[in-house]
1. Could you tell me which of the residues Val33, Val27, Val85 is among the β-branched types (Val, Ile, Thr) and in a helix (DSSP H, G or I)?
2. Please state which of the following conditions Glu60 fails to meet, knowing it meets all the rest: (1) of a type outside the set (Phe, Trp, Tyr); (2) over 28 Å from Arg87 (Cα atoms); (3) out of contact with any helix residue (DSSP H, G or I) (no Cβ under 9 Å at 6 or more places or on another chain); (4) surrounded by fewer than 10 Cβ atoms within 10 Å (Cβ to Cβ).
3. It is to be established whether one or more residues within segment 81-88 are under 19 Å from Lys9 (Cβ atoms), in contact with a strand residue (DSSP E or B) (Cβ under 7 Å, 6 or more places away or on another chain) and at pLDDT below 90.
4. List every residue pair whose Cβ atoms sit under 7 Å apart, with the two residues 6 or more apart in sequence or on different chains, where the first one lies in segment 1-30 and is touching a residue at least 12 places away in the same chain (Cβ under 8 Å) and the second, anywhere, is of a type outside the set (D, E, K, R) and surrounded by fewer than 11 Cβ atoms within 10 Å (Cβ to Cβ).
5. For segment 3-11, indicate whether the set of residues that are under 22 Å from the mean Cα position of the chain (by Cα) and outside any loop (DSSP other than H, G, I, E, B) is non-empty.
6. If you take the residues of segment 34-56 that are of a type in the set (Val, Ile, Thr) and more than 22 Å from the chain's Cα centre (by Cα), which of them is nearest to Phe71 (Cα to Cα)?
7. Would you mind finding the one in Arg51, Arg68 that is in contact (Cβ under 8 Å) with a residue 12 or more places away in the chain and basic (Lys, Arg)?
Amino acid sequence: MPDSKTGAKTIPLNGPALEVLAGTKRVEGNPHVIIGTAEGAHLTDLQKPWRRVRKAAGLEDVRIHDLRHTFASEAVMGGESLPMVGRILGHTQAQTTARYAHLADDPLQRASERIASSLKQAINDEGGAANQTGAPDA
């Protein structure tokens, strides 16, 4: 993207996004994917088309920006780091990504359990190693 609001940046496109783009009707001579009404121009206001998309999908209260929030939340809940998610979204500030990454309690609980289990295993391994050398149990 040569002219995003934070400057030029590269956004990685995943398989499903590339499929959508491949199926999008192109207009000869217009380099834009979402074309505007003027020849060779891109659409500058997505509100009307977005209302039609929401209505067709039965998602009347979903904002375009909610899609970015959902993507970020899903990525973080799936184990991606905030810096990685920020890079994918093109954020320049970690605080911006943190605001996008709404976490449910369940992933937090799983992460806490995973960390505690790892620490418990490390403690047990240390105790076992000490026992093998003749040292007293902790």
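The values are calculated or read from the model by the stated rules, or taken from the named source; none is laboratory data. Bear in mind the structure is a predicted one, so any value in this text is a computation, not a measurement. Every residue, glycine as well, gets a Cβ built from its backbone with ideal geometry; the counts of neighbours run over all protein chains shown.
1. Values: Val33 fails: in a helix (DSSP H, G or I); Val27 fails: in a helix (DSSP H, G or I).
Val85 is the lone residue from the list that is among the β-branched types (Val, Ile, Thr) and in a helix (DSSP H, G or I).
2. Tallying (1) of a type outside the set (Phe, Trp, Tyr); (2) over 28 Å from Arg87 (Cα atoms); (3) out of contact with any helix residue (DSSP H, G or I) (no Cβ under 9 Å at 6 or more places or on another chain); (4) surrounded by fewer than 10 Cβ atoms within 10 Å (Cβ to Cβ), Glu60 fails exactly one: (3).
3. No.
4. Once the first residue is touching a residue at least 12 places away in the same chain (Cβ under 8 Å) and sits in segment 1-30, its partners that are of a type outside the set (D, E, K, R) and surrounded by fewer than 11 Cβ atoms within 10 Å (Cβ to Cβ) give Met1/Ala8.
5. Applying the first criterion (under 22 Å from the mean Cα position of the chain (by Cα)) to segment 3-11 yields 3-11.
Retained after the next criterion (residues that are outside any loop (DSSP other than H, G, I, E, B)): 4, 7.
So far as segment 3-11 goes, yes, one or more of its residues are under 22 Å from the mean Cα position of the chain (by Cα) and outside any loop (DSSP other than H, G, I, E, B).
6. Let us first name the residues in segment 34-56 that are of a type in the set (Val, Ile, Thr), namely 34-35, 37, 44, 53.
Those still in the list that are more than 22 Å from the chain's Cα centre (by Cα) too: 34-35, 37, 44.
Details: Ile34: 21, Ile35: 25, Thr37: 30, Thr44: 23 Å.
Filtering segment 34-56 for residues that are of a type in the set (Val, Ile, Thr) and more than 22 Å from the chain's Cα centre (by Cα), the one nearest to Phe71 (Cα to Cα) comes out as Ile34.
7. Values: Arg51 fails: in contact (Cβ under 8 Å) with a residue 12 or more places away in the chain.
After ruling out the rest, the residue left standing is Arg68.
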